[in-house]
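Please treat every number below as a calculation from the coordinates, not as lab data. All figures in this text were calculated on a predicted structure; none of them were measured in a lab.
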Amino acid sequence: MKTPVSVLRLPRGPDPNSRGFDPNSPRFIALCPTTVSTSSSGSVDEEEQRLRSELRERFLRTLLLMTDKQVQFDMFEKVRVRATFGASDIDVLNFQVSDLETPLGVQKEALLRCHDMISCSFEL
Amino acid sequence: MLQWSDRSPQHWREFVNHEVCVTVQDQQRFEGRVFTVDPVSASVVLVSVQENERPSVRVILGHAVTDVQILRRGTEETERQMKSVFLPDQTQILSAEELKSRRESLRLWLEKNLVPVTEDGEVLRVANALTISAPYGPGDCSCANEIILARIQSLVESNPGAEQTSLSQTHQ
């Protein structure tokens, strides 16, 4: 199942005008200072910031470890696909993968929507 | 009952290092030790705890999580084991002389490449913009400017003098 199929649909590229910072992304809307934050009113706690950085750094290391590995993606409706993980975007909304094995054939490069995923797993 | 993804980082931190059972939207359950919960997407990263199988990692997307239950609490040992999988090896404690010779070797190499570098105690400062701290490897540079960072990093990496000193290599 290794012969790549021709591209069926090109994904939408990143916004060419900004550095990837999207004011409509869920993360910006959640953390934007003008909206009410759920944890504490007013300025974000230093302790909370420290926790966030610690947790985020660990997550980034997970993504690093996942790079160039064969990953199994479990999507909704019992769909399971395998691919080589390439990269994630900053808000964990899309994963760039290579050699995505689908019932239609192997897609050489693809973008997977994280919102369609339940989990992904890989071996060390 | 608040949704998992609406919880606070303090709440998520409570689960790190413990063995949990995560229930997801299609009623499936996953077990493993929590390495982290991403504060941006609330995604849970589980590491498998089975001894006889190859270790595996599962990332469960935050929007799909319906419940997380702690099965067994972890210990300092389990935290250490988990960290060793993800984080590069902590560099062995280098003696002061070894650190000094590495710092000196790097400083000379940078000067040879006409980079303005000064020594400020234990760190090297480059052009007042970038700092290199012990043990003076490419990963120890910190700078606010990406371009300067990239150029100095590749210089540090190509330092011919550094290959002679012994240091545990980072591996990913």
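Using only Cα atoms, tell me the angle between helix B:76-86 and the longest principal axis of chain B; keep it within 0 to 90° and round to the nearest 10.
70 degrees
Note the direction-averaged projected area, equal to a quarter of the hull surface, for the Cα convex hull of segment A:67-122, in nm².
3.5 nm²
Any idea what angle helix B:146-157 forms with the longest principal axis of chain B, computed on alpha-carbon atoms, 0 to 90 degrees, nearest 10?
70 degrees
Give me Rg/Rg_expected for segment B:1-103, where Rg uses Cα atoms only and Rg_expected = 2.2 N^0.38 Å with N residues.
My calculation over the Cα atoms of segment B:1-103 gives 1.34.
Report the rotationally averaged projected area of chain B based on its alpha-carbon convex hull, in square nanometres.
So the Cα hull casts an average projection of 13.4 nm².
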